[in-house]
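The values are calculated or read from the model by the stated rules, or taken from the named source; none is laboratory data. Owing to the predicted nature of the structure, the values given are computational and were not obtained by experimental measurement. With ideal geometry, Cβ positions are generated from the backbone for all residues, glycine too; neighbour counts draw on all protein chains shown.
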């Protein structure tokens, strides 16, 4: 059904907000056999019996298609423009998620309290949460929707069309229940970040409950004006905060002293650098918080997000927060939380709430891996298809690169070996992973200096000719902002152009215990994956034993960022706090002498003092 609508809108190039609203309202009214006589808002959007839209509607009704309010809610969110999604973070919240949050927040609220309760969604979008709140209060108290809209529910959104659509949905909800009136709404079109301003409407504060889905916009997509507004909030004091972070503080300050908060929101604040300030805010105030962490489970259709349910009860101070994991999105009614004392949490480092006991034991062991041994990311050409290749043939002077049916000779002297450590999970033979990279640099006094055009033309004319054939592509790197490059054929970034002799290669993503390889070739380079580097090969040999263990893999599964198909991230932020035991020379020799993996696991367990 939704696909029918979207195809029709696309085919007829319907982009006008009022026309879309009219199509949706008219279809809903006709499909559900409703009649509008008094509600001026709905009457404005009822289409006359003419035109291409009516033809579509007649066909829709003839096919006995059903259109529910939930369908309409989804449709309104689907037709938000992609540009607006980036700016405002609008996204449809599934009905079962909304129901779960409301059931939790409304628990222990009796009929009398419900009649006077003030509930807000401070980033309401098209009003799905408010529609559910109104239905809940109506069902439990038999209070009219007219009075509920006037007394009980409040919404704020930065987009005027979102406010208009919220009015439409609420009006259709009431109409479906026999109320055809001109309603009074408490819906304000304003940037919620303006709450810190002196001219804020005080009617939009002092709430008994706030529910919703704060906007998902990463820091790099925020305007300069928005960044200035974020600075007014304590929780935005670290890193580069994403847009959802201030919505914690704003909601808490908008609640009255007995208020409750229920969000579905990002879970990245638990461990991220930009979450340090909000973690401190929660800890210092000892808020009563419960978190259901979905980890890698994807709640939202067609959007890769990492989310949790976040509940806060402002009535009570708490010495611990409650946490549980729901990696299948089952939302069981019998949720068992683990109580984790605030005093045991490190706001600066992050909250390793999943498998807290074992994770804490590991992270407090010895020296953190980031301090034990530095790691390096691979080179960043920003156009690997141009620079990295597998020779189809070779002769005394050239490697031959085949591209689009054409053969290009590339001087051997400008090439280096390179591997992609992400492929180590499929093979441990590093020679099978070796490719060639065109490396237009010379190394002088520990610095990589790009060849100038004269040097390229004189010494590497074949490579230059090939690169010239790809020049247009190379000039499109960094969104065309390549004027800062020392030469147009330079790599996009200068990272890892010079590498130490000893390298411990490991993948950036993995779905099983690691396979790692130590290499002592100073010229061997890497891309995509990662490497620990050190001048002391013995140190890397010890590290290899540890990070290939099941103990390390369990830590990754519990704490690293999850991806599809059981893969987890092994980037710096995911592993940097893993502890490495401080070993005596005798203990190092003992570990290195063990070849049986089962014995290695037992040996490591004794040195980490984990719970199980």
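Looking only at region 299-326, residues that are under 16 Å from residue 100 (Cβ atoms) and either without any contact (Cβ under 8 Å) to a residue 12 or more places away in the chain or in a loop (DSSP other than H, G, I, E, B) (or both) come to 3 in all. Of the residues examined, residue 330 is not one that is in a loop (DSSP other than H, G, I, E, B), more than 27 Å from residue 236 (Cβ to Cβ) and touching a residue at least 40 places away in the same chain (Cβ under 8 Å). I need the full set of residues from region 241-269 which are assigned to a helix (DSSP H, G or I) and modelled with pLDDT of 95 or more, in order please. The answer is 246, 247, 248, 249, 250, 251, 252, 253, 254, 269. Among the residues of region 442-498, those identified as touching a strand residue (DSSP E or B) at 6+ places or on another chain (Cβ under 6 Å), in a loop (DSSP other than H, G, I, E, B) and farther than 25 Å from residue 420 by Cα are 460, 486, 487.
Results for (1) under 16 Å from residue 38 (Cβ atoms); (2) surrounded by fewer than 16 Cβ atoms within 10 Å (Cβ to Cβ); (3) under 26 Å from the mean Cα position of the chain (by Cα), shown as yes or no for each residue.
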| site | (1), (2), (3) |
| --- | --- |
| 154 | no, no, no |
| 175 | yes, no, no |
| 178 | yes, yes, no |
| 197 | no, yes, no |
| 201 | no, yes, no |
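Screening the candidates 396, 402 for the property of being without any contact (Cβ under 8 Å) to a residue 24 or more places away in the chain and not in a loop (DSSP other than H, G, I, E, B) yields one hit, 402.
Among the residues of region 349-369, just one is at pLDDT 95 or above and exposed (fewer than 15 other Cβ atoms within 10 Å of the Cβ), namely 367. Checking the structure you have, find out if any residue of region 540-559 is more than 18 Å from residue 515 (Cα to Cα) and either in a helix (DSSP H, G or I) or more than 33 Å from the chain's Cα centre (by Cα) (or both). Yes, the conditions are met somewhere in region 540-559. Does residue 77 meet the test of being closer than 22 Å to residue 119 by Cα and either part of a loop (DSSP other than H, G, I, E, B) or at pLDDT below 90 (or both)? Taking the combined requirement at face value, the residue satisfies it. Considering 276, 295, the condition of being within 24 Å of residue 556 (Cα to Cα), in contact (Cβ under 8 Å) with a residue 60 or more places away in the chain, buried (at least 17 other Cβ atoms within 10 Å of the Cβ) and over 14 Å from the mean Cα position of the chain (by Cα) is satisfied by 276 alone.
Taking the conditions (1) touching a strand residue (DSSP E or B) at 6+ places or on another chain (Cβ under 8 Å); (2) farther than 20 Å from residue 93 by Cβ; (3) surrounded by 15 or more Cβ atoms within 10 Å (Cβ to Cβ) in turn, residue 193 satisfies each one other than (1). Of the set (1) at pLDDT 95 or above; (2) closer than 14 Å to residue 367 by Cβ, all apply to residue 544 but (2).
Here 83, 90, 48 are screened, and the one residue that is closer than 18 Å to residue 130 by Cα and modelled with pLDDT under 85 is 90. Out of 163, 168, one residue alone is surrounded by 15 or more Cβ atoms within 10 Å (Cβ to Cβ), farther than 25 Å from residue 311 by Cβ, out of contact with any helix residue (DSSP H, G or I) (no Cβ under 9 Å at 6 or more places or on another chain) and modelled with pLDDT of 95 or more. It is 163.
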